[in-house]
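S.K.: Input: one structure, supplied below.
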Amino acid sequence: VQLQASGGGLVQAGGSLRLSCAASGDTFSAYGLGWFRQAPGKEREFVVAVRPTGGRTYYADSVKGRFAVSRDNAKNTVYLQMNSLKSEATAVYYCAAGRPILSTVDLIRGYTYWGQGTQVTVSS
């Protein structure tokens with residue numbers, strides 16, 4: 001599976017961005033999808049995840065109520081809508097695909113395929 005993330009950019013605090021991740025190369029609907037982010041000098045951390053059918057989603061506590069993940073299996077694309085952005089959201093955002101079990105849905109090792117990342121910068 002090849003993943004291509006896009007939609008990053010510069011936004012003011014309180015603003016919104018929508019990231020997209022387009023997949024190719026395999027049966028998109030068979031994979032769970034996740035978004036992770038990595039800020040400068042920090043480890044990559046979990047943001048959100050969505051099950052293959054889109055019926056279950058998981059969020060990091062830090063983004064609950066402000067971020068929303070969705071997927072369109074017909075378009076082989078997963079989206080991350082980010083609202084009320086804070087400066088601490090500044091990071092490179094990565095989309096990932098895999099077959100994580102429940103205990104690994106928020107872990108890097110739960111995912112096999114990774115996109116190249118897209119930079120999100122939130123100015124305060």
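The values are calculated or read from the model by the stated rules, or taken from the named source; none is laboratory data. These figures come from a predicted structure and were not determined experimentally. Glycine gets a Cβ as well: all are built from the backbone with ideal geometry, and neighbour counts include every protein chain shown. Remember, those area values only see protein heavy atoms, side chains included, never the ligands or the DNA or RNA. Shrake-Rupley method; radii C 1.70, N 1.55, O 1.52, S 1.80 Å.
S.K.: Give me the percent of accessible area attributable to carbon and sulfur for the chain, probe 1.4 angstrom.
M.R.: Of all accessible area on the chain, carbon and sulfur atoms account for 47 percent.
S.K.: Give me the accessible area per residue for the chain, probe 1.4 Å, as a whole number in Å².
M.R.: Counting only protein heavy atoms, the per-residue value for the chain is 50 Å².
S.K.: Can you tell which of Ala30, Gly55, Trp114 lies farthest toward the positive end of the dipole of segment 14-124, using +1 and -1 charges on the Cβ of basic and acidic side chains (Lys, Arg; Asp, Glu)?
M.R.: The Cα lying farthest towards the positive end belongs to Gly55.
S.K.: Here's something else I'd like to know. List the lysines whose Cα sits under 21 Å from the Cα of Lys42, skipping any in the same chain fewer than 8 residues away.
M.R.: Correct list for Lys42: Lys64, Lys86.
S.K.: In debye, nearest 20, what is the charge dipole magnitude of the chain about its Cα centre with +1 on Lys and Arg Cβ and -1 on Asp and Glu Cβ, if you could check?
M.R.: Roughly 160 debye for the chain.
S.K.: Then there is this: When you count, for each residue, the other Cβ atoms within 10 Å and take the mean per peptide, how do 51-57, 100-106 rank with the highest first?
M.R.: Result, highest mean Cβ count within 10 Å first: 100-106, 51-57.
S.K.: Need the C-alpha centroid separation for segment 74-104 versus segment 1-58, integer Å.
M.R.: Value for the Cα centre distance between the two parts: 2 Å.
S.K.: Sticking with this one: Among DSSP bridges having both ends in the chain, what percentage is antiparallel? Round to the nearest 5.
M.R.: Of those bridges, close to 90 percent are antiparallel.
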